[in-house]
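In what follows, a single structure is set out as structure tokens and then discussed.
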Amino acid sequence: MLERQLHALSLADAGAEDLAATRERLKDRFPRGATRRMTQLGLLLGAALDDLAPQPGDTIVYASSFAETGALEGYLDSFPTASPTLFQTSIHPSAVQQALIARQHAVGEFFPLTGRAHLAAQALQTALLAPAPRVILCGGEERGTWLLAHRAASDRTFAFALALSRDPAGSLARVTLAPAADDTANAEFTLPDFFDALRARQPIDQLAAPGRRLGVAWI
């Protein structure tokens, strides 16, 4: 069984807020002028990471099914004169890169992951296997418009970041990933499911992927 202690978390649910409103609300949390080209997910995730103060020795694991949907839609809409700026911000790890580069943060390792039904379990497995003393698991999605109709975007905007270590002192929760005897092929626990459970401080004892049971026990 893999196990770590959850010591800090930061959650952001943007609801119906658009990019302009998010940028105005969070602009003072970033260096002057940095938010002009940042995506909505980049802003939310950047603020969440800032709450946890990444350190040079940390490992960061990033999970998102669709990532920078707004930038991707804008990039595709910009053809035939494709926008290099939108291309740059539409790549999958962009949200974390926007946050770290703007503050010139160095980290020990960075693992960007994508997926659908089993993404939460895959991200947690990566975080729990990392050798670093402190691991930051973060993720989120950005609400789409026309890509949503093609099932290629999220229908909501949210971000989260949580800090994991092996030290039980002062922890908020115990996080585990254990082998499961029930190897159900239809096991599903999505990233939004994980975010909603974190926001509600809801205990988790869930078959999150075939052969893997996720546990979060709040203290």
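Considering segment 16-32, the residues that are within 19 Å of Ala71 (Cα to Cα) and assigned to a loop (DSSP other than H, G, I, E, B) include one that is least open to solvent (accessible area, probe 1.4 Å), namely Glu17.
Within segment 37-52, the presence of at least one residue that is over 30 Å from Ala132 (Cα atoms), open to solvent by 60 Å² or more (accessible area, probe 1.4 Å) and either of a type in the set (D, E, K, R) or in contact (Cβ under 8 Å) with a residue 60 or more places away in the chain (or both) is confirmed. Which members of segment 72-96 meet the condition of being buried (at least 18 other Cβ atoms within 10 Å of the Cβ), in contact with a Phe, Trp or Tyr (Cβ under 9 Å, 6 or more places away or on another chain) and outside any loop (DSSP other than H, G, I, E, B)? Within segment 72-96, Leu72, Glu73, Tyr75, Leu86, Thr89, Ser90, Ala95, Val96 meet the criteria.
Among residues of segment 98-115 being closer than 14 Å to Gly140 by Cα and out of contact with any helix residue (DSSP H, G or I) (no Cβ under 6 Å at 6 or more places or on another chain), the one that is surrounded by the most Cβ atoms within 10 Å (Cβ to Cβ) is Pro112.
Inspect all residues belonging to segment 157-164 and state whether any of them is touching a residue at least 12 places away in the same chain (Cβ under 8 Å) and touching a Cys at 6+ places or on another chain (Cβ under 7 Å). For segment 157-164, residues touching a residue at least 12 places away in the same chain (Cβ under 8 Å) and touching a Cys at 6+ places or on another chain (Cβ under 7 Å): present. Of all residue pairs spaced 6 or more apart or on separate chains, those with beta-carbon atoms under 7 Å, a first member in segment 59-72 that is without any contact (Cβ under 8 Å) to a residue 60 or more places away in the chain and a second member that is surrounded by 24 or more Cβ atoms within 10 Å (Cβ to Cβ) and in a loop (DSSP other than H, G, I, E, B) are Ala71/Thr39.
Scanning segment 116-136 for residues that are open to solvent by less than 20 Å² (accessible area, probe 1.4 Å) and within 30 Å of Leu76 (Cβ to Cβ) yields Leu119, Ala120, Ala123.
The values are calculated or read from the model by the stated rules, or taken from the named source; none is laboratory data. Everything quoted here is computed from the prediction, not taken from an experiment. Because the Cβ atoms are built from the backbone with ideal geometry, glycine has one as well, and the counts that use them run over all protein chains shown. Side chains are part of the model used for accessible areas, which takes the heavy atoms of the whole protein and leaves out ligands, DNA and RNA. Shrake-Rupley method; radii C 1.70, N 1.55, O 1.52, S 1.80 Å.
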